[in-house]
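The values are calculated or read from the model by the stated rules, or taken from the named source; none is laboratory data. All figures in this text were calculated on a predicted structure; none of them were measured in a lab. So basically every Cβ, Gly included, is an ideal-geometry build from the backbone, and we count neighbours across all protein chains shown.
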Amino acid sequence: MRKKYIALSVPAVMLLSGCSTDGLGDVDSLSGVSLHMTDEGAPEVILQNPVEAEEESARILEEGDGEAIEEDALLHLSTAMADPETGEVQQEDFSEEAPSLLYLPLIEEQNEFIYESITDTGLDVGGEIAMYVPGAEGGGEPALIIVRVDDQRPDHAEGEVEEQSGELPSIINEVGEAPELEDFDPEAAEVPEEVQSEVLIQGEGEEVGPYDHLVMRYTGWRWSDGEVFDSAWPGVEPVPPEGEELPEGQEPPEVDEDQAVPPMDSPLPNLIPGWADALEGVQVGSRVVMVIPPEQAYGEATEEDAEGEGAQQEEGAQEGAAEEGAVEPQTAQGEEAPADGEEITEEDMQELEEALGDQMGGQQEHPLAGETLVFVVDVVDAVPATDEQIQQYEEQERQMEEAEQQADSENDSEEDQPAQGEGSQDEAVQEESGQEETDEQPQGQEN
């Protein structure tokens, strides 16, 4: 199952009336709560009496025998929502194959009660805690939430720093810190034609599989100017391409270095092809630098700037309309179109088709098309795909291959077709020469 970040549905934070080593608020109100697991792995919440309290309250059911929970960790959780009067489980993911994820710095900003229940009660990895939220004003129902902390991960690569080979761009590389591109001169370096990668920090986790769901920190730079275009690290601000300006009156977004930025998560098959080439087989916890050429990233850029040409045509049309009150029809090259009844040549048709093709391509082209890209990726976590998910990915791959083969076949058949008007010209020549069309083959040509 796909990992997911959970935001437990609770009302706004209330003031906590107390704090102890085994809970928060009215701990006694949760003294009759216990958790049991069925043989099928589903949770059962047992209540000796209904849970009722006037304040948000939490009580540890099982401390856990694992390591202490880190305040900036990415937690693997199993959760259950139960009726506080009967204990009936209304929603749970204990029985799912993959846990939910909770990034503690993010939950600290969103819900102080849940954050403190997990970090300030003495709960360790492997432990279980019950949390009660009274009904909110306006008709909100009270909630009983049971959480088990199955595991935790650091939110960055953690392992042995490797010596860089010097064959790829040099990276300022420190564990737990956002990587930086060091003294990169795109003109002095030879642009690679294939995906290249190497490990900067060697993790010790499981190897990444081809269909795994990954959790990652990353930063990406354009090879063309060495500037950041995207990042999943707090405080790292993307830089627009050279010559690109913000619209008038628009200011660049402010970057809050103290704001919690969760790692990015995605199935590996959903990422650009170069990531799969570089990350498959890498151990979880590793940091990898990779250089990805356009064909393995966002594709090659179109040869002509169709958008620029379209803007020039539109500007010219607006000027003509302002001066004469009407706009003359234009050909693909901006020339005046043939008048009614005037013959449209094959050259005119070809120009029009090329212009339409360029415009369609321009609408679909990614802003990074044509760019060689440099990424540094911290593989924080990976969850193997289920058999069902693998079948779905394989079916998607099969359909894509079939679509590509069909497109290639159609292109080949179009190339074999006679040019437009060719058949009619042959018929005209036959009529002028008085030659009648027959089923016989021309002389000198075998059947």
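How many of the residues making up the stretch 53-85 are of a type in the set (A, V, I, L, M), farther than 21 Å from residue 29 by Cα and surrounded by fewer than 19 Cβ atoms within 10 Å (Cβ to Cβ)?
Within the stretch 53-85, residues that are of a type in the set (A, V, I, L, M), farther than 21 Å from residue 29 by Cα and surrounded by fewer than 19 Cβ atoms within 10 Å (Cβ to Cβ) number 1.
Touching a residue at least 12 places away in the same chain (Cβ under 8 Å) and within 33 Å of the chain's Cα centre (by Cα): is that true of residue 80 in this structure?
The answer is yes for residue 80.
Name every residue in the stretch 94-104 that is under 26 Å from the mean Cα position of the chain (by Cα), farther than 16 Å from residue 129 by Cβ and not in a strand (DSSP E or B), in order of residue number.
Scanning the stretch 94-104 gives 96, 97, 98.
How many residues does the stretch 1-39 hold that are outside any strand (DSSP E or B) and modelled with pLDDT of 90 or more?
Looking only at that region, the number is 10.
Can you confirm whether residue 204 is of a type in the set (D, E, K, R) and free of Cβ contacts under 8 Å to residues at least 60 places away in the same chain?
no
Any residue that is loosely packed, with under 12 Cβ neighbours inside 10 Å and either in a helix (DSSP H, G or I) or at pLDDT 95 or above (or both) - is there at least one of those in the stretch 275-283?
yes
Which of the residues that make up the stretch 57-77 are in a loop (DSSP other than H, G, I, E, B) and more than 27 Å from the chain's Cα centre (by Cα)?
63, 64, 65, 66, 67, 69
Any residue that is without any contact (Cβ under 8 Å) to a residue 60 or more places away in the chain, on the phi < 0 side of the Ramachandran plot and crowded, with 17+ Cβ neighbours inside 10 Å - is there at least one of those in the stretch 145-167?
no
Within the stretch 246-268, is even one residue under 25 Å from residue 73 (Cα atoms), at pLDDT 90 or above and surrounded by fewer than 12 Cβ atoms within 10 Å (Cβ to Cβ)?
No: the stretch 246-268 contains no residue that is under 25 Å from residue 73 (Cα atoms), at pLDDT 90 or above and surrounded by fewer than 12 Cβ atoms within 10 Å (Cβ to Cβ).
Using beta carbons and a limit of 7 Å, which pairs, at least six apart or on different chains, have the first residue in the stretch 169-198 and of a type in the set (Asp, Glu) and modelled with pLDDT of 90 or more and the second one in a loop (DSSP other than H, G, I, E, B) and surrounded by fewer than 13 Cβ atoms within 10 Å (Cβ to Cβ)?
198/165
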